[in-house]
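The values are calculated or read from the model by the stated rules, or taken from the named source; none is laboratory data. A quick note: this is a predicted structure, and the numbers were derived from the prediction, not measured. Cβ: placed from backbone, ideal geometry, glycine included. Neighbour counts: every protein chain shown. With ligands, DNA and RNA removed, areas are computed over all heavy atoms of the protein, side chains included. Shrake-Rupley method; radii C 1.70, N 1.55, O 1.52, S 1.80 Å.
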Amino acid sequence: LFRSAFKVGGKFYEYYGPWPALLRVPLTVVFPGMNGRWTQSSMTLALVVALVAASSLAWRIRTLVRSDDAVGWVEASAVALFIFVLGAGSVLMFLTSQAWVYHEAEIWGCGLALAAFAALAEYVADPTRRRLIVTAVLAAMAVDSRASVGFGPIAAIGLQIGRAHV
């Protein structure tokens with residue numbers, strides 16, 4: 001059930017964080033015959049999360065920088081091309097090309113880190129407690145997928161909070 005751990009001498013040791021495995025728990029309960037077959041679906045969902053988060057982040061940054069300017073077709077096309085290239089021409093495509101648990105943890109970490117950065121940009125634009133909590137939860141989920149990737153949003157949250165209190 002928990003594919004992020006390996007068993008040695010009757011004990012389980014985690015190699016990656018538990019998020020991708022925890023995502024499977026309700027699915028395994030509802031569809032017990034599918035146990036061990038959720039990796040590719042999970043990776044595809046993580047890819048969608050990454051692309052939606054990157055798009056959200058791009059538009060939020062654009063709004064922070066040029067809030068009063070109308071969006072032209074060139075700018076909209078450039079963002080669409082960026083998101084396409086991110087999905088089709090980056091490491092995300094390589095990670096989703098084969099159903100490996102190791103890649104699953106990496107892509108979830110990336111998608112959730114991008115979602116945390118997008119949530120942090122929302123918080124910067126309109127700082128509310130709810131936005132900060134959403135950002136922290138997404139960053140924690142990124143750490144629970146792949147710690148080295150998730151620490152980026154954690155550091156950014158700390159920098160933003162430190163800047164706000166100076």
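Remarks
- Take the Kirkwood radius over Cα pairs of the stretch 77-138, plug it into Stokes-Einstein at 10 °C and 1.306 mPa s, and you get 121 µm²/s for translational diffusion.
- Looking at the stretch 81-117, the chymotrypsin sites (Phe, Trp or Tyr not before Pro) that sit in a DSSP loop and have at most 16 other Cβ atoms within 10 Å of their own Cβ are 100.
- The order of the peptides 120-126, 154-160, 134-140 by mean Cβ neighbours within 10 Å, most packed first, is 134-140, 120-126, 154-160.
- Charge dipole (the chain, unit charges on Cβ, about Cα centre) - positive-most of 46, 137, 27: 27
- Residue-averaged [θ]222 nm for the chain, counting only DSSP H segments that reach four residues, each worth -39500 (n - 2.57): -24000 deg cm²/dmol
- Once Rg and the Kirkwood radius are both taken over the C-alpha atoms of the stretch 1-138, their ratio Rg/Rh works out to 1.07.
- Relative contact order for the stretch 35-166: 28 percent, from Cα pairs under 8 Å spaced at least 6 residues apart, divided by residue count.
- Using a simple spin-label model with pseudo-atoms 7 Å out from Cα toward Cβ, residue 91 and residue 66 lie 3.0 nm apart.
- Gap separating the Cα centres of the stretch 53-107 and the stretch 108-129, nearest whole Å: 14
- Each Lys and Arg Cβ is given +1 and each Asp and Glu Cβ -1; about its Cα centre, the chain then shows a dipole of about 440 debye.
- Both the radius of gyration and Dmax for the stretch 36-84 are 14.6, 50 Å, in that order, over alpha-carbon atoms.
- Accessible surface, per residue, of the stretch 35-124 when the full set of protein chains is kept, probe 1.4 Å, Å²: 52
- Expressed in units of 2.2 N^0.38 Å, where N is the residue count, the Cα radius of gyration of the stretch 108-166 is 1.02.
- Degrees separating the helix 129-143 axis from the principal Cα axis of the chain, which is the longest one: 40
- Degrees separating the helix 101-125 axis from the principal Cα axis of the chain, which is the longest one: 30
- Percent carbon-and-sulfur accessible area, the chain, ignoring ligands, DNA and RNA, probe 1.4 Å: 68
- Principal-axis tilt of helix 73-88 within the chain, Cα atoms, nearest 10 degrees: 20
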